Amino acid sequence: MIKIEHLSTSYSTINGPVHVINDVDFEIYDNEIFGIAGESGCGKTTLLKALYDIVEFPLVVDSGKLVLSGEKDGKGFSYETGSIRKTWWNNISYVPQAAQSVLNPIVPLKKQFLDSIPKADKKKETKEQILKRIADYLKELNLSPDLLNAYPFQLSGGMRQRVIIALATFMSPKVVLADEPTTALDVVVQRGILMMLMRLQKQLRNTMVIVSHDMGVHYQVTDRMGIMYSGSMVELGKTEDIFERPIHPYTEMLVGALPRVGDKSQKTGIPGRPPALTNPPEGCRFAPRCPKATKECKKTVPLFRQVEPGRYAACHLIP
Amino acid sequence: MSEKLLEIKNVSKSFHIGGMLSKKKIDAVNDINLEIEGVKPVILSVVGESGCGKSTLCKMILRLHDFDQGDIRLLGNSYKDHKGYDPFRFRLEVQPIFQNPYESFSMRKTVDTYLFNTALRLKISKNYKEAENLIDEILKSVGMSLEVVRGKYPTQFSGGELQRVSIARALITRPKLIIADEPVAAIDASMKMNIVNLFKELKDKYQVSFIYVTHDLSTAYYVSDYIAALYRGCLIEYGPAKEIMDNPAHPYTQLLMNAVPRVGEKWDKEFTMPDTEDKEYAITYCKFAPRCPYALEECRKRRPDIKCSADGRKTLCFYPLNSEV
């Protein structure tokens, strides 16, 4: 389980700190696929970086913390911000954005796989045994074991993405973070990769966090999802509920604007633009674009609270 | 005018791949026939997976690539007719919009210089004053204004706003045809629909046709009048958008439609992934046969011909799904 407790982060710049994540507080349960949606610049990737503990200058954690806990092979574990690094690959792994370009193009995949295995595990087996295990694992994922001898530049984007996912899940970590796992891929490959992620999650019974701006992807893949807007979580709940009855006006407009196959009725996008994080508006950050905004919305920041069991939102208009 | 706006006739283009001495070639575009009637403005979507030749086709229409075989005619003027080619006139008639608006404008120039350069250098406006009025009018029709745009650099805009400016730039010449290569792929979900709606609006307002290249089938369904699906350089299905997408005839179009992450309908079936390999480009029988769930023996022997049905649909398949076998 990942517990995010009142986390705030900012980027230090010459003109002072830019607050990118503001008081985000929620939990990601075991054995679920959790989705994070939102438009670019809303802090999705920053949140994921904080989850994976890649907090490096200019990113600074201002307050709050993260607790990663769970059980693996009968042993319990618990890590906090600052120590999550120790368990990379083992209990938590990360599929970064534009993952196709993270593999070193001139090192064979075999070596890149071996590099990702922690030293303690390497001592237990011989190199051949590990390679055999990797080959078996690739076969399980419908990938050819011959890939191990290939160089990344020989593979297509979709194939590289699948290799990265195999790499990230090889140690069967309890948490897999995937940042936009299917951008820059076409729909057919996208579906293949998403189905592969879903199958892996069922098999490993672990937690998967998927960040994407494509609401269709969230609907297909995730169990629960959170919607972010301008650095804060604005709504969180079961994916189906969010699509059926969105509570927050932003979510409502986002879901309403989704083009659907089989529906040619007129749809409108959301007017205006997301606020600049360097100079955010006072009060609710969505207020300038919100058709229902009242005076109160423009003054005070709404609290992110439980609206119904298992359903959270941050809006003044919700009773 | 009896001439068609755009006629693409048996156009082929192949690229040389591998080292300098390798004789390997891939057919990026293979014998494509497409037409846009100029009577009424239309939006034609070109869909397909990566590497299917969508962008190559666009570039050929924009004269950024030559083609090996066939001919393209724009308003009756053949692209092969190099003597009669007038780049000025050509640029007035066809204009592009690119995928990433931040890359289509230079970071070191203000955005309005592009607009003024288009208006003045292509001699649409006689002087600066006239150009100002024209640009302001066009910017207003895309939901911006010269006041907002003037003196600003690309980084000062959001992706959606900048894409609006690039649409405005394309409209300055009052083109007959705008080629939009993945115009909403880099735009946020909340802005995407605004841009797509803009295409619909401008189509009627300026009587301009669009070729909308995308792999986002849900917006293609929403916006387009006609759809052309490409696979490995071949046109495999063409026809009115609604009919094709509701009731695809080619197995590949069906596969594409099933792969769209729809809201309201969960995926259930297992799915086989394609293995993109260059040898598929060189297949001499139906190129989709290795992946086709319905492939029969005939499909592995020779290439099918385009079948035209009465309602204007074209399908490149021996056994289209909409006909009774």
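Calculated from DSSP H runs of 4 or more alone, at -39500 (n - 2.57) each and per residue, what is the 222 nm mean residue ellipticity of chain B, nearest 500?
Details: 11 runs with 101 residues, N = 325.
Computed mean residue ellipticity for chain B: -9000 deg cm²/dmol.
Please identify, among B:TYR221, B:TYR212, B:TYR238, the residue showing maximal mean-square fluctuation in a Gaussian network model of chain B using a 10 angstrom Cα cutoff.
B:TYR221
What is the packing order of peptides B:305-313, A:1-9, B:118-126, taking the mean over residues of other C-beta atoms within 10 Å and listing the highest first?
Order by mean packing, descending: A:1-9, B:118-126, B:305-313.
For chain B, which span is the longest to avoid every loop-located (per DSSP) member of GluC sites (Glu not before Pro) having at most 16 other Cβ atoms inside 10 Å? Kindly include the intermediate steps, with their values, before the conclusion.
Numbers: sites that count: B:GLU3, B:GLU37, B:GLU265, B:GLU270, B:GLU277, B:GLU297, B:GLU324.
So the longest stretch without any such site is B:38-264.
Which chymotrypsin sites (Phe, Trp or Tyr not before Pro) does the stretch B:1-106 hold that lie in a coil by DSSP with at most 15 other beta carbons within 10 Å? Each step should come with its number before you reach the end.
Values: sites: B:PHE15, B:PHE67, B:TYR79, B:TYR85, B:PHE88, B:PHE90, B:PHE98, B:TYR102, B:PHE105; in loops: B:PHE67, B:TYR79, B:TYR85, B:PHE98, B:PHE105.
Loop-located and lightly packed - B:TYR85.
Checking the cross-link filter: which lysines have an alpha carbon closer than 27 Å to that of A:LYS127, excluding same-chain neighbours under 8 positions apart?
The qualifying lysines are A:LYS72, A:LYS75, A:LYS86, A:LYS110, A:LYS111, A:LYS119, A:LYS139, A:LYS174.
For the stretch A:233-249, what does the Karplus curve 6.51 cos²θ - 1.76 cosθ + 1.60, with θ = phi - 60°, yield as ³J(HN,Hα) per residue in whole Hz, taken in order and with x for Gly and Pro?
These are the phi-based 3J(HN,Hα) values: 7, 9, 8, 8, x, 5, 4, 4, 4, 4, 6, 7, 10, x, 9, 6, x Hz.
Can you work out the PRE-style zone for B:LEU296? Point 7 Å along Cα to Cβ, and I want the residues of the stretch B:248-271 with backbone N under 18 Å.
Inside the label zone: B:249-252.
Considering only A:PRO58, A:PRO309, A:PRO288, give the residue with the highest GNM mean-square fluctuation for chain A, with springs between Cα atoms whenever their separation is below 10 Å.
Highest fluctuation among the options: A:PRO309.
I need the shape label for the stretch B:49-114. Rule: rounded when a/c is under 1.5, else prolate if a/b > b/c, else oblate, with a, b, c from the alpha carbon gyration tensor. Please list the in-between numbers first.
Details: a/c = 3.02, a/b = 1.39, b/c = 2.17.
It comes out oblate by the Cα gyration axes.
Beyond a 29 Å Cα-Cα separation, which of these cross-linked pairs lie in this structure: A:LYS298/B:LYS192; B:LYS25/B:LYS80; B:LYS9/B:LYS269; A:LYS49/B:LYS140? Kindly include the intermediate steps, with their values, before the conclusion.
Numbers: A:LYS298/B:LYS192 26 Å; B:LYS25/B:LYS80 23 Å; B:LYS9/B:LYS269 39 Å; A:LYS49/B:LYS140 40 Å.
Pairs exceeding the cut-off: B:LYS9/B:LYS269; A:LYS49/B:LYS140.
Highest GNM mean-square fluctuation, chain B, Cα pairs closer than 10 Å: which of B:LYS203, B:LYS287, B:LYS80?
With Cα springs under 10 Å in chain B, the top fluctuation among B:LYS203, B:LYS287, B:LYS80 is at B:LYS80.
7 Å from Cα along Cα→Cβ at both A:VAL60 and A:PHE77: what's the point-to-point distance in nm?
Each label point is offset 7 Å from its Cα along the Cβ direction, giving 3.1 nm.
Which aspartates and glutamates does B:LYS24 reach when only Cα atoms under 18 Å apart count, and residues fewer than 8 places away in its own chain are ignored?
Those aspartates and glutamates meeting the cut-off are B:ASP68, B:GLU277, B:ASP278, B:GLU280.
Each reported figure results from applying straightforward, stated rules to the coordinates on display, with no laboratory input. Everything quoted here is computed from the prediction, not taken from an experiment. Glycine gets a Cβ as well: all are built from the backbone with ideal geometry, and neighbour counts include every protein chain shown.
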